[in-house]
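**Q** Here's a structure for you.
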Amino acid sequence: MCPVFSIPLLSARRSHSIPIFFFLLFATCEVSHADVPKTTPTPCVLTDAETAALSGDASVDVHAVHNFSKAINGLLKAEKFEQLDCIADLARSHKETFPGGMWKLHAVYSGLEKPLLHPTEEDWKTHIELLQRWVSARPESITARVALAESYVNYGEDARGPGFADTVSDSGWKLLAERTAKASQILLEASTLSSKCPEWYIAMQELALHQSLEPSAKRVLLEQAVKFEPAYYYYYRLYANSIQTKWGGEEGEIAKFLETTADQIGGDAGDILYFRVAGKLVCGCQTDQELNLSWLRIQKGFVAVEKQNGPAPENWNLMAHMAQSFNDAMLAHKLFDRIGDQWSEDIWRTSSDFESAKQWAKQMGPFIARKQAAEESAEANLHTPEGKSYSAGFAEKIHTWLQPCIEALQGNDSRYFELLIKIGKEGTVDDITGGGDSPLMPCLGHQLKNFQLSKQAVFSPPSKPDYWVRFDLNPENSPPALK
């Protein structure tokens, strides 16, 4: 039997009239996958229909992982406990993943941790009774006990409800405390089994979140989990979620944690972890800006995942969703082309939300691609001696034209805008693009549009035709009147 140590947990609701305490128990014995027997388990005895339900191809079907979990739930309802243990043991010992890199073991538990759809109280009781029968029938099953513990945590969350603390009733807090205490007891019992499972630590993390575990203890739990199975990226997701400001984390803590951890892992593996965790945190809502994550690092991680684990519609949906949040319409447009009709309900929620994002990318993608090409050309021109000289004369003219706009606004305004102009071989304004939120932009743009329509040569002839030049309006390069 492994020795254990205990960490006292703070009350799930500090203001409750009756303090709620219990002890969260960590197994301290040294365990790793080196301790898992190397023998290949006997193939699971399944019907053809059951085998087919578990054999979806996640490289072409966005529903494959969900259908796998649904089939697992069906085996539980049929009380095929031996087959469930076989499937979980195979997934665990072989570290099986779907195309795209999602772990099959985690998908097993996704089918066991709660009833499908929106459960009633009767559904919860039936589900937990099934898991208890599995534990009784196969007392050495680590899978059955961990699934039962996760179900009790979810059952507690169901009683608490999804709202803020001040929306939870006294009975909701009481039921949450009772059910998480039950989960803690089950996990302690599971820690004494000879078989070990990475999902045990996931259940511990989920439990800790609802019992206000101290930050240092949460970090210890993460470190123990990673020591047991470094590649089980779900640990990092749960830890990152637990240090969000809504759970008492500090502003900027998630970005620092994720960057430091990814750098420590290094290479493609570090970038992949960054993508995996970011994909769970980015919600497409206002709080995304507060996360302050690196969009470049997320993209590198996505590319690394495809190189290592192959393409998968689930990851395309995840990346397109994040591209929308980061306002990268060009990348989103490419991803929506790959997605086709393989959209994920888990990520987009409704078909209308998916279609709305798709239309946004379709409309904005070509504009952004054109702008990016102009930026690259202007940047290349600026890196030549003649280009630097030409850009200085160009900026001087722009400043001259800006002055009437400043006077028309009757005040100073230095909000940013970026201006890109394609100059013809005679010095004409042949094309205009850019962006920004300064009210000076429409005023200046109107003047430039008139120059473009009149074909008037307003600049000196450039060194070559179709010559792109860039001008950024900001406090650093603005004329004195704008500062």
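**Q** Considering only the other residues whose Cβ falls under 9 Å of the Cβ of P198, what net charge follows from Lys and Arg at +1 and Asp and Glu at -1?
**A** Net local charge, P198 excluded: 0.
**Q** Once phi is turned into ³J(HN,Hα) by the Karplus curve 6.51 cos²θ - 1.76 cosθ + 1.60 with θ = phi - 60°, what whole-Hz value does each residue of the range 237-254 show in order, with x for glycine and proline?
**A** 4, 5, 5, 4, 4, 6, 9, 5, 4, 5, 9, x, x, 8, 4, x, 5, 5
**Q** Using a 10 Å cut-off on Cβ atoms, rank the peptides 257-269, 56-68 from the highest mean neighbour count down.
**A** Numbers: 257-269: 15.2, 56-68: 18.8.
Final packing ranking: 56-68, 257-269.
**Q** List residues of the range 453-467, by number, whose backbone nitrogen lies under 19 Å from a label position 7 Å along Cα→C-beta of E386.
**A** Under 19 Å, as judged by backbone N against the label point of E386, lie 458-467 of the range 453-467.
**Q** I've got another one for you. Can you tell me the relative contact order of the range 46-131? Whole percent, Cα pairs under 8 Å, sequence separation 6 or more.
**A** Here the relative contact order equals 29 percent.
**Q** On to the next question. Got a sec to turn the phi values of the range 47-62 into Karplus ³J(HN,Hα) couplings, 6.51 cos²θ - 1.76 cosθ + 1.60 with θ = phi - 60°, whole Hz, x for Gly and Pro?
**A** Running phi through 6.51 cos²θ - 1.76 cosθ + 1.60 with θ = phi - 60° gives 6, 4, 5, 5, 4, 5, 5, 9, 10, x, 9, 6, 7, 10, 10, 5 Hz.
**Q** Would you mind working out the magnitude of the charge dipole of the chain relative to its Cα centre, with +1 at each Lys and Arg C-beta and -1 at each Asp and Glu C-beta, to the nearest 20 Debye?
**A** 320 debye
**Q** With 19 Å as the limit, write out which pairs from K182/K227; K397/K425; K358/K422; K334/K362; K95/K280 have Cα-Cα distances beyond it, or answer none.
**A** K182/K227; K358/K422; K95/K280
**Q** Setting aside same-chain residues fewer than 8 positions from K256, which aspartates and glutamates have a Cα under 20 Å from its Cα?
**A** Correct list for K256: E214, E223, D268, D271, D288, E290.
**Q** What's the angle, to the nearest 10 degrees (0 to 90), between helix 170-190's Cα axis and the longest principal axis of the chain?
**A** The helix 170-190 is inclined about 70 degrees to the chain.
**Q** Please give the FRET efficiency for D346 paired with K307, using the beta carbon to beta carbon distance and R0 = 25 Å, rounded to the nearest 0.05.
**A** 0.55
**Q** Another one. Would you mind putting 105-117, 238-250, 182-194, 371-383 in packing order, based on average other-beta-carbon counts within 10 Å, highest first?
**A** Going by the mean number of other Cβ atoms within 10 Å, highest first, we get 105-117, 182-194, 238-250, 371-383.
**Q** Hey, another quick one. Give me the net charge of A373's neighbourhood, meaning all other residues with Cβ under 13 Å from the Cβ of A373; Lys, Arg count +1, Asp, Glu -1.
**A** -1
**Q** For D431, which sequence-distant residues (separation of 5 or more, or a different chain) have an amide H within less than 5 Å of its own amide H, given hydrogens modelled in the peptide plane?
**A** K422
**Q** To continue, here is another question. For the pair I432 and D48, how long in nm is the line joining their label points, each one 7 Å along Cα→Cβ?
**A** For the pair I432/D48, the computed spacing is 7.0 nm.
**Q** Right, next: Would you calculate the separation in nanometres between label points at L296 and Q244, each defined as 7 Å from the Cα along the Cα-to-beta-carbon direction?
**A** Calculated label separation equals 2.7 nm.
**Q** In addition: Before anything else, pin down the relative contact order of the range 186-323: Cα pairs under 8 Å, at least 6 apart, normalised by residue count, whole percent.
**A** Dividing the mean separation by the residue count of the range 186-323 yields 18 percent.
**Q** In whole angstrom, how far apart do the alpha carbon centroids of the range 391-406 and the range 276-352 sit?
**A** 40 Å
**Q** Counting only other residues whose beta carbon sits under 12 Å from that of S55, what net charge do I get with K and R as +1, D and E as -1?
**A** Its environment carries a net charge of -3.
**Q** While we're on this one: Among 230-236, 160-166, how do they line up by average Cβ neighbours within 10 Å per residue, starting with the highest?
**A** Highest to lowest by the protection proxy: 230-236, 160-166.
**Q** Go through (1) 55, 25, 20; (2) 38, 29, 20; (3) 36, 32, 21 and flag the label whose value is the computed semi-axes √(5λ) of the Cα gyration tensor in Å for this structure.
**A** Calculated semi-axes √(5λ) of the Cα gyration tensor in Å: the matching label is (1).
Where a number appears in this text, it was derived from the coordinates with a stated rule and is not lab data. Fair warning: this is a prediction, and the values are worked out from it, not measured in the lab. A quick note on method: Cβ atoms are made from the backbone with ideal geometry, for glycine too, and the neighbour counts reach across all protein chains shown.
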